[in-house]
Amino acid sequence: QVQLVESGGGLVQAGASLRLSCAASGGTFSTYAMGWFRQSPGKEREFVASIGDGTTFYADSVKGRFTISRDSAKNTAYLQMNVLKPEDTAVYYCAAQRYIRWVLNPRVLNDYWGQGTQVTVSS
């Protein structure tokens with residue numbers, strides 16, 4: 001059983017940056033792809049970014065502003081968010097997917113979820 005714990009959310013002004021972290025435990029980190037999703041009130045949870053063995057995928061809405069990375073030594077995934085916009089306001093969730101299934105669809109990660117961290121961007 002893999003546990004995921006997010007941190008790094010907060011309240012920032014438009015144009016600012018934040019870095020989210022997702023600490024994983026209870027599994028072999030290298031066998032999982034990691035990803036980030038977000039959900040705003042009244043909207044469905046949406047894919048933001050994912051990373052496998054170095055290959056990355058992004059939603060069009062964040063491409064060029066967000067960067068996903070992972071540190072195997074720390075069993076941690078990150079989401080660096082730059083030039084934040086009010087429409088980025090959401091609860092951000094970390095997710096993990098066994099790599100052998102992630103390669104079939106890099107925008108689907110649902111083996112394990114974190115509890116979420118709130119990101120609020122004011123205009």
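The values are calculated or read from the model by the stated rules, or taken from the named source; none is laboratory data. What you see is a predicted model, and the numbers here were worked out from it, not measured in a lab. Every residue, glycine as well, gets a Cβ built from its backbone with ideal geometry; the counts of neighbours run over all protein chains shown. Accessible surface is based on the protein model in full, side chains and every heavy atom, while ligands, DNA and RNA are left aside. Shrake-Rupley method; radii C 1.70, N 1.55, O 1.52, S 1.80 Å.
Each residue in the range 91-112 was checked for being over 10 Å from the mean Cα position of the chain (by Cα), crowded, with 18+ Cβ neighbours inside 10 Å and aromatic (Phe, Trp, Tyr), and 2 pass. For the range 106-113, the count of residues that are touching a Ser or Thr at 6+ places or on another chain (Cβ under 7 Å) and outside any loop (DSSP other than H, G, I, E, B) is zero. For the range 68-87, indicate whether the set of residues that are loosely packed, with under 14 Cβ neighbours inside 10 Å, more than 15 Å from Leu18 (Cβ to Cβ) and in contact with a strand residue (DSSP E or B) (Cβ under 8 Å, 6 or more places away or on another chain) is non-empty. There is at least one residue in the range 68-87 that is loosely packed, with under 14 Cβ neighbours inside 10 Å, more than 15 Å from Leu18 (Cβ to Cβ) and in contact with a strand residue (DSSP E or B) (Cβ under 8 Å, 6 or more places away or on another chain). Of all the listed residues (Arg38, Arg19), the sole one being of a type in the set (Lys, Arg), assigned to a strand (DSSP E or B) and surrounded by fewer than 16 Cβ atoms within 10 Å (Cβ to Cβ) is Arg19.
Against the criterion of being in contact with a Pro (Cβ under 7 Å, 6 or more places away or on another chain) and of a type in the set (Phe, Trp, Tyr), Phe57 qualifies.
Taken together, Thr117, Thr76, Thr89 contain a single residue that is touching a Cys at 6+ places or on another chain (Cβ under 9 Å) and either farther than 21 Å from Gln3 by Cα or without any contact (Cβ under 8 Å) to a residue 60 or more places away in the chain (or both), which is Thr76. In the range 24-35, the qualifying residues are those that are small (Gly, Ala, Ser) and open to solvent by less than 30 Å² (accessible area, probe 1.4 Å), and the one that is nearest to Glu6 (Cα to Cα) is Ala24. On the stretch given as the range 76-122, residues that are at pLDDT 95 or above and more than 13 Å from Gly35 (Cα to Cα) total 18.
Identify all residues within the range 44-60 that are open to solvent by 50 Å² or more (accessible area, probe 1.4 Å) and in contact (Cβ under 8 Å) with a residue 24 or more places away in the chain; write none if there are none. Within the range 44-60, Arg45, Asp53, Thr55, Phe57 meet the criteria. Annotation: Gly42 fulfils all but one of (1) touching a strand residue (DSSP E or B) at 6+ places or on another chain (Cβ under 6 Å); (2) at positive phi; (3) modelled with pLDDT under 95; the unmet one is (1).
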